[in-house]
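Down below is the structure, laid out as structure tokens.
The values are calculated or read from the model by the stated rules, or taken from the named source; none is laboratory data. As the structure is a prediction and not an experimental result, all values here were calculated from the model. In this analysis, Cβ positions are derived from the backbone assuming ideal geometry, glycine residues included, and neighbour counts consider all displayed protein chains.
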Amino acid sequence: MNAGLEGAAAPSSDEAVARPPLRFVSAASLFDGHDAAINMIRRLLQARGAEVVHLGHNRSVADIVGAAIDEDADAIAVSSYQGGHNEYFAYMVDMLRERGCEHIRVVVGGGGTIAPHEIEALERRGVEKIYTPEDGRRMGLAGMIDDVLQRIAAVRKPAYEFRPLNARDHVLIARTISVLEGAAGAGGADAEQIRRAVARSRHKAPVIGITGTGGAGKSSLTDELLMRLARQFPQAQIAVVAMDPTRRRSGGALLGDRIRMNSLSADNIFMRSLATRRAHLATAAVLKDVIELYKAAGFDLVIVETAGIGQSDTEIVDLVDLSLYVMTSEYGAASQLEKIDMLDYADFIVLNKSEKRGSEDSLRDVRKQWRRNHPERSSEPDAQLPVFPTIASRFNDPGVNRLFAAICVALSARQVGAASWKLADTGPTELTARTPLIPGARTRYLAEIAHGGRAARARIEAQVEAARRAFGVYESLKVLNDAALPGPLERFAPEALTDAAADGTRRELRAAYNRSLDQIGAEGVAELKAWPARVRSATDTSYSYQVRERMVKGENHTESLSRSAVPKLAVPGFRDWGEVLHFILTENLPGSYPYTGGVYPYRREEEDPTRMFAGEGGPERTNRRFHYLAAGHGAARLSTAFDSTTLYGEDPDTRPDVYGRTGNSGVSIATLDDMKKLYSGFDLCLPSTSVSMTINGPAPMILAMFMNTATDQQVERYLRAEGKWSAAERQIAALHAQDSARGVAPPRYKGALPRHHDGSGLALLGVTGDQLLERELYERIRAQALQAVRGTVQADILKEDQAQNTCIFSTEFALRMMGDVQQYFIDQRVRNFYSVSISGYHIAEAGANPISQLAFTLANGFTIAEYYLARGMSIDDFAPNLSFFFSNGMDPEYAVIGRVARRIWARAMRERYQAGPRSQM
């Protein structure tokens, strides 16, 4: 990526002045979290002088087209790696055409996911260009960017035609702003005509200016205010103009405020992003014209968000009726507040991100400084000062509610324009502390675990050195035929240390031997004593060990084609106690702490390690695939891939951008009945059946469907086994009749059942077991099903936040749901199902190497453990429900990634968390 940026030369300053920058809207497509490529492309475009309005990932056609029109973009750049591209991009160009904006060109990257014949069809449909891996090989990144810029620069925009302005005519307003922006500081017939028309307008609207330091959360706060405005005043027409700085070197700009804006889908909100197109200032030269244009167009409220400002910037105050200054607690010493001019001029001061450590002190200091700046109000209580602590990232934050109420009061008092800003409901306004996910006293947990690992390594080395000395002394005394020599690893009796009959050297050797045993420690000595027996157990003809109530037996050797007995375990032949102890403490045999070689002594032999992976179309199609894959196997190991619509927690729809992705690259599951069809014909409670589900954002809901499916299967089996099925059928028919009366057809399995499908699991479609059984009986069957069902749900929201981007809730709320699920597992004694698969695989997909993949993944595991502990769960209650999932590859580190992960996890579980053996595995 860096090489590509360097290869893409910036335009000269003369070129930048000669023509306005090209404007792009960039995004990753709907239900697609693969944003690494589009981020790289938009950086390259910026480096070549383009202004890029970046929307982020998971963007619908309506979102992108709406943004492109409001931003008067020259082109849309989209990456699409999740399938459904035929419908998605055809829908996009059709929507642009329908809205009279076919001049906005569409360029696409899809890696190798878009086939050549599909590319040809989409380009015939109106897509400007779909770039392929072959294009990348032939042109390189810089060459592709050159090609994009040349193509888009060659497209002629329709000539501007002035007509009366209307707040609902977004196309006209967007084009008009572009005309003003292109003529900023200069003349031009169109611009002068627009200015004259605007000057004649008598429509007034209040203007709110939001400014502050970069990274203070201005966009998030703006979005929160917009959501409240849209909810409280749905008839009001609201316009937003947001500014970001132009890069002085390249002339390009990242206009990224829309990434934070979740409220822009409302029909009564218009937003335009502007680059400053000048250095050292936080506003664009055209800003005043744009504000007046918004007023003339009939908007009821105008919101201006500036780029990040410095301590002395106050230019926004002269352009607006009300000004907000947004800051955080990270301003340095309290004396720095005296240098911030906006604390003198702002109508509202917002201390955002007030959950951060030190924010209470900062709030006190800001209030003090405000009182110094406004001595006439210095006696007012804190609650009446216009200083508002907020957490804009929190849903329905009381601090934002208080700020919003104060703004509405101020708008009403100013009486600018005809709109009424009287609030019907403010929502909760009592400030509450945000409970940290992990208590402050434990926030250094990762550093402490790392320190504990280093300390353990040093301790092991000391023990190993002591064991080497003990072995050497013992062997020396054996050569000397010491009459008092005890058995191996046994101590000399006290009298042997003072035996007058022995010479001084011999007594000193005996004492040194005892001291070495003390330094090894009782646990180390016990491990060394047990080692010979463990070696015999691993090299004897057969082995046996217990897993829960089951005794596992097998042969220690396998026979080669030459009829040689080959041991399954390569047991080291060490004699030196130091070497033996080093192996025990750092490696050990499989099934023993620290589990470097594996958490069980041997792998399963009764079945091949098989992943029956499927997911395509509807539930029936994937069910048939599962039965095909499982045929002839003694066990069903069903691994389920869900389509991107399900991964993002959305329902299937006939809307083309959703329709194209439904059932594509995964199975579509929208209802409990879909889940029942998906796993029908498999007894989900058999020990030989396990199910893994690759789902994260909506994992709690999908997991609930799965658990209810397993329960209803057992209800069906109970009714048949107890001879109660005929009565149950009558109940089901009556319930279906009620649905039919409401116009809802009873669900059914579409198509013929596959071979090996016994018809089970389908009888309760449209109903649930609790409708057929008395409550106590149903609860008992459900409890048995929950305790028997086996499998894994991925549900790793930390990894999603870092790498995969299928977060559909805030990380905090998603973690809370994860904790709720785990608490339910504990309460219901669900011990055979993993509540989370802490995944490094997707972290690697996002670009991590094996070492950083391991570091991030283990860090996520320890974070989940700390969060669950903070909720009051016991480590040994939840740790057995955690699992890990790593990727593989050609890097040499992959050969040992599992070994290293097991050792680090086991050591931390035992030494930091005092967890039992099952939790260490």
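Summary table
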quantity: In the range 300-321, the residues that are modelled with pLDDT of 90 or more, more than 37 Å from the chain's Cα centre (by Cα) and not in a helix (DSSP H, G or I); calculated: 300, 320, 321
quantity: Helices (runs of 4 or more DSSP H) lying entirely in the range 842-915 (those with 1 or more residues that are closer than 19 Å to residue 811 by Cα and among the hydrophobic types (A, V, I, L, M, F, W, C)); calculated: 850-870
quantity: For residue 88: the one exception among (1) out of contact with any strand residue (DSSP E or B) (no Cβ under 7 Å at 6 or more places or on another chain); (2) aromatic (Phe, Trp, Tyr); (3) surrounded by 24 or more Cβ atoms within 10 Å (Cβ to Cβ); calculated: (1)
quantity: Matching entry among 496, 441 (being over 30 Å from residue 320 (Cβ atoms), in contact with a Lys or Arg (Cβ under 7 Å, 6 or more places away or on another chain), assigned to a helix (DSSP H, G or I) and among the hydrophobic types (A, V, I, L, M, F, W, C)); calculated: 496
quantity: Tally, over the range 71-85, of residues that are farther than 22 Å from residue 36 by Cα and in a helix (DSSP H, G or I); calculated: 0
quantity: Checking residue 462 against (1) of a type in the set (A, V, I, L, M); (2) crowded, with 16+ Cβ neighbours inside 10 Å; (3) touching a helix residue (DSSP H, G or I) at 6+ places or on another chain (Cβ under 9 Å), the condition it does not meet; calculated: (2)
quantity: Residue pairs meeting the criteria (Cβ under 8 Å; at least 6 apart or on separate chains; first more than 19 Å from residue 330 (Cα to Cα), in the range 202-217; second of a type in the set (Phe, Trp, Tyr)); calculated: 205/294; 205/299
quantity: Top-ranked residue of the range 355-380 - restricted to ones that are touching a residue at least 24 places away in the same chain (Cβ under 8 Å), farther than 21 Å from residue 437 by Cα and under 39 Å from the mean Cα position of the chain (by Cα), ranked as surrounded by the fewest Cβ atoms within 10 Å (Cβ to Cβ); calculated: 361
quantity: Count of the range 20-70 residues which are more than 30 Å from residue 696 (Cα to Cα) and either outside any loop (DSSP other than H, G, I, E, B) or without any contact (Cβ under 8 Å) to a residue 12 or more places away in the chain (or both); calculated: 11
quantity: Residue match in the range 464-482 (condition: assigned to a loop (DSSP other than H, G, I, E, B), closer than 29 Å to residue 601 by Cβ and at pLDDT below 95); calculated: no
quantity: Considering residues of the range 421-459 that are of a type in the set (Gly, Ala, Ser) and surrounded by fewer than 13 Cβ atoms within 10 Å (Cβ to Cβ) only, the residue farthest from residue 298 (Cα to Cα); calculated: 458
quantity: The range 89-145 - residue that is aliphatic (A, V, I, L, M) and more than 33 Å from the chain's Cα centre (by Cα) and, of those, farthest from residue 60 (Cα to Cα); calculated: 139
quantity: Odd one out for residue 207, checked against (1) of a type outside the set (Gly, Ala, Ser); (2) modelled with pLDDT under 95; (3) within 18 Å of residue 289 (Cβ to Cβ); (4) surrounded by 14 or more Cβ atoms within 10 Å (Cβ to Cβ); calculated: (2)
quantity: Restricting the range 858-917 to residues that are β-branched (Val, Ile, Thr) and over 23 Å from residue 592 (Cβ atoms), the residue that is surrounded by the most Cβ atoms within 10 Å (Cβ to Cβ); calculated: 864
quantity: Close pairs from the range 232-248: first of a type in the set (Asp, Glu), partner in a loop (DSSP other than H, G, I, E, B), Cβ under 7 Å, at least 6 apart; calculated: 244/256; 244/307
quantity: Qualifying residue in the range 560-580 (condition: of a type in the set (Gly, Ala, Ser) and under 18 Å from residue 600 (Cα atoms)); calculated: yes
quantity: Hits in the range 386-428 (condition: touching a Leu at 6+ places or on another chain (Cβ under 8 Å), over 30 Å from residue 203 (Cα atoms) and not in a helix (DSSP H, G or I)); calculated: 387, 388, 389, 390, 392
quantity: The range 346-373: number of residues that are in contact with a helix residue (DSSP H, G or I) (Cβ under 8 Å, 6 or more places away or on another chain) and part of a loop (DSSP other than H, G, I, E, B); calculated: 6
quantity: Flag for residue 383 being surrounded by fewer than 19 Cβ atoms within 10 Å (Cβ to Cβ), assigned to a helix (DSSP H, G or I), without any contact (Cβ under 8 Å) to a residue 12 or more places away in the chain and not assigned by TED's automatic domain parsing to the domain that holds residue 351; calculated: no
quantity: Of all residues in the range 448-488 being in contact (Cβ under 8 Å) with a residue 12 or more places away in the chain and of a type in the set (Val, Ile, Thr), the one that is farthest from residue 576 (Cα to Cα); calculated: 449
quantity: Failed item in (1) out of contact with any His (no Cβ under 6 Å at 6 or more places or on another chain); (2) outside the structural domain of residue 749 (by TED's automatic domain parsing); (3) not charged (D, E, K, R), with residue 632 passing the rest; calculated: (2)
quantity: Any hit, the range 121-130, residues being aliphatic (A, V, I, L, M), surrounded by fewer than 16 Cβ atoms within 10 Å (Cβ to Cβ), modelled with pLDDT of 90 or more and more than 30 Å from residue 327 (Cβ to Cβ); calculated: yes
quantity: Residue that is surrounded by the fewest Cβ atoms within 10 Å (Cβ to Cβ), among those in the range 322-345 that are among the hydroxyl-bearing types (Ser, Thr, Tyr) and either in contact with a helix residue (DSSP H, G or I) (Cβ under 6 Å, 6 or more places away or on another chain) or in a helix (DSSP H, G or I) (or both); calculated: 335
quantity: Identity of the residue in the range 779-801, basic (Lys, Arg) and over 25 Å from the mean Cα position of the chain (by Cα), that ends up surrounded by the fewest Cβ atoms within 10 Å (Cβ to Cβ); calculated: 780
quantity: Complete set of residues in the range 797-812 that are touching a residue at least 24 places away in the same chain (Cβ under 8 Å) and either in the same structural domain as residue 397 (by TED's automatic domain parsing) or part of a helix (DSSP H, G or I) (or both); calculated: 797, 798, 799, 800, 802, 803, 804, 812
quantity: Verdict on residue 558 being in contact with a helix residue (DSSP H, G or I) (Cβ under 7 Å, 6 or more places away or on another chain) and of a type in the set (S, T, N, Q); calculated: no
quantity: Subset of the range 583-612 (residues that are among the hydrophobic types (A, V, I, L, M, F, W, C) and in contact with a Leu (Cβ under 8 Å, 6 or more places away or on another chain)); calculated: 584, 589, 612
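Conditions (1) buried (at least 18 other Cβ atoms within 10 Å of the Cβ); (2) closer than 27 Å to residue 81 by Cα, marked per residue:
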{"residue": "600", "(1), (2)": "no, no"}
{"residue": "605", "(1), (2)": "no, no"}
{"residue": "611", "(1), (2)": "no, yes"}
{"residue": "615", "(1), (2)": "yes, yes"}
{"residue": "626", "(1), (2)": "yes, yes"}
{"residue": "644", "(1), (2)": "yes, yes"}
